[in-house]
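Comments concern the structure below.
The values are calculated or read from the model by the stated rules, or taken from the named source; none is laboratory data. This is a predicted model, so every value here is computed, not measured. Note that we place each Cβ from the backbone using ideal geometry, even for glycine, and neighbour counts take in every protein chain shown.
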Amino acid sequence: MSNGAQALMKTLVDSGVEVCFSNPGTSEMHFVAALDSEPKMRAVLALFEGVATGAADGYARMADKPAATLLHLGCGLGNGLANLHNARKGKVPVVNIVGDHATYHTQYDAQLQSDIETVARNVSPGFVRTSKATAELGRDTAEAVAAAKGLPGQVATLILPADVSWGEGGMPEAPIAPLQPACADDATVATIAQAVRSGGKVALLLGGRALREPSLLAASRIAAHSGAKLFAEVFPTRLERGAGVPAVERIAYLAELAGVQLADYQHLILVDAKAPVSFFAYPGKKSYLVPDTCTVHTLASPVQDTVGSLEKLARALGADQTAPQLQAPSRPGRPRGKLTADKVCKAVGHLLPKNAIVVDEAITSGLMLSAMTAGAPRHDLITLTGGAIGQGLPNAIGAAVACPDRPVIALIGDGTAMYTIQSLWTMAREKLNVTSIIFNNASYSVLNVELERVGAEEAGPKAKSQLDLKGPVLNFAQMAQGMGVHAVRATTTEEMVRTLEHALATPGPHLIEVVVPESLSGMKRKILPLLLRSLPNLPKPVARALKKKIAP
């Protein structure tokens, strides 16, 4: 007879969940013990819950199936919320297991007692369940996995009271077969096909699963046949790109630049994406970025089949035999001269291995990354879907666990690196093939830009002190070495390129700390808000040229 934890473990594995990223406590000890009862379950320890949740997110993005987390009570869940938020925004499947006090213990309101369900609903609006009995735990687990896997993909939180976990009489449950997604219906396809043929300018905005190669090929056939433009959402969950893959232009982070991109279109067709909005509200500026003269159409919602819907539209347009437009191979030359963030991005484009996974949380330091890697060998790009920083290093862990034969390169800003710096220890413990590049510009550079954009009063010394990291300057190479990761601090371009070559040729985790100036500083930062405000009044070709210069 199995106990509850053993039944849960068997149900997870039978349902395809084979990795657990954990940060356990006392209430989860029977789950921990049950790990040895299931040889197919890999357990990966994180020193902070935000690392565990972000790793589960990165794993699912690359494995196309969920991992589990194991978190300790409501406080542990709270520590992991930011990266569960990113997973929710990315429509990423995660089975989030949170231990709780024994059911009979909750009446005493012990020190760690909290309302876990209320906390969980912030990131698991579609599935939160507290398992009430050992005999029901297998079924609860199977339903949690099914909820996570079902389109559009979600964080499913299962709360596990300690006595339900240790109780005898647990029964594993068979996996629940997923529902097959439907394509766009005939009427929707006919309406959108008519819009494409109308003579107005048309753009497709692709997100989620529509940014994988099969959907990209179908979308590219439509674009090549009709002259439509292909856009991608600003922070894709996972974008397949590089030489031999159709290219898409990402919507800009800065709302003013996104407005330039969308200004001329009469029809915007959404495919597993939402209409663009600005990240924040700004005085006197629109939050909804689609022009008033543009009609928005939804070809495929997040619960529909993106490939089938795009192929159906291509057939309706007579574009199904049209050759897709593929990105030509190209690489930038070997960078030289003074070390800057742009030179680092150029080095990545120059050396990027085939089939790499690139995790981009470089913030302002990565402005040139997309341009520098556009024609590099095909690779996957993971970005900051929910905007909650601290995602990049944990995502790299998950991606490396999901794809052990593929090199992972994580480009991370210095401020965001400190949110989940414990990730480096897990990389070393698991011997993961991750090269982390930390941009050390000793500043929260993006917040300095936002300070100018929101129209706040001119910052004085106290305000400015909240946005810089100069006192003291962080040393990431020393921190990485202390956690068992080979690390080098590079201050010249040649040193940086040599170190990257070595890291890509040598298995195991590496960290390269690049000491660079801010990409947007001084006069550039002062001029940027003025340029952004002027864009609506400039001739469109000039506005587009400025957009390309600021954010290629």
| query | Condition test on E501, is it in contact with a Leu (Cβ under 8 Å, 6 or more places away or on another chain) and charged (D, E, K, R)? | reply | yes
Of the candidates V296, V277, V303, V290, the one satisfying the condition of being surrounded by 18 or more Cβ atoms within 10 Å (Cβ to Cβ) and either touching a residue at least 12 places away in the same chain (Cβ under 8 Å) or among the basic types (K, R) (or both) is V290
Inset, instruction - Answer with yes or no whether Q113 is assigned to a loop (DSSP other than H, G, I, E, B), over 30 Å from D305 (Cβ atoms) and not assigned by TED's automatic domain parsing to the domain that holds G208. - result: yes
Of the candidates V401, V358, the one satisfying the condition of being in a helix (DSSP H, G or I) and not assigned by TED's automatic domain parsing to the domain that holds F231 is V401
By residue number, the members of the range 74-98 that are crowded, with 24+ Cβ neighbours inside 10 Å, over 19 Å from A147 (Cα atoms) and more than 21 Å from the chain's Cα centre (by Cα) are G76
Note on L367: of the conditions (1) at pLDDT below 95; (2) buried (at least 21 other Cβ atoms within 10 Å of the Cβ); (3) under 25 Å from A210 (Cβ atoms), unmet is (2)
Condition set buried (at least 19 other Cβ atoms within 10 Å of the Cβ) and acidic (D, E), scope the range 497-527, selection nearest to L432 (Cα to Cα): answer is E513
Checked pairs for the range 478-496, first touching a residue at least 40 places away in the same chain (Cβ under 8 Å) and surrounded by 18 or more Cβ atoms within 10 Å (Cβ to Cβ), second charged (D, E, K, R) and in a loop (DSSP other than H, G, I, E, B), C-beta under 8 Å and 6 or more apart or across chains, list as T493/R336; T493/K338
Counting only residues in the range 117-132 that are under 25 Å from the mean Cα position of the chain (by Cα) and β-branched (V, I, T), the one surrounded by the most Cβ atoms within 10 Å (Cβ to Cβ) is identified as V123
Filter the range 215-251 for residues that are of a type outside the set (A, V, I, L, M, F, W, C) and without any contact (Cβ under 8 Å) to a residue 60 or more places away in the chain; the one that is surrounded by the most Cβ atoms within 10 Å (Cβ to Cβ) is E233
Okay, helices (runs of 4 or more DSSP H) sitting entirely in the range 130-196 with 3 or more residues that are touching a His at 6+ places or on another chain (Cβ under 9 Å), I get 162-166, 186-196
Of L151, L160, L179, the only residue that is without any contact (Cβ under 8 Å) to a residue 40 or more places away in the chain and either among the hydrophobic types (A, V, I, L, M, F, W, C) or surrounded by fewer than 24 Cβ atoms within 10 Å (Cβ to Cβ) (or both) is L179
Of the residues in the range 444-465, those that are modelled with pLDDT of 65 or more and either β-branched (V, I, T) or surrounded by 24 or more Cβ atoms within 10 Å (Cβ to Cβ) (or both) come to V446, V449
Taking first residues from the range 523-544 that are not assigned by TED's automatic domain parsing to the domain that holds G284 and second residues anywhere that are surrounded by 11 or more Cβ atoms within 10 Å (Cβ to Cβ) and small (G, A, S), the pairs with Cβ under 6 Å that are 6 or more apart or on different chains are L535/A543
Selection from the range 404-420 of residues in contact with a helix residue (DSSP H, G or I) (Cβ under 7 Å, 6 or more places away or on another chain) and either of a type in the set (A, V, I, L, M) or not assigned by TED's automatic domain parsing to the domain that holds N440 (or both) yields V408, I409, A410, L411, I412, A417
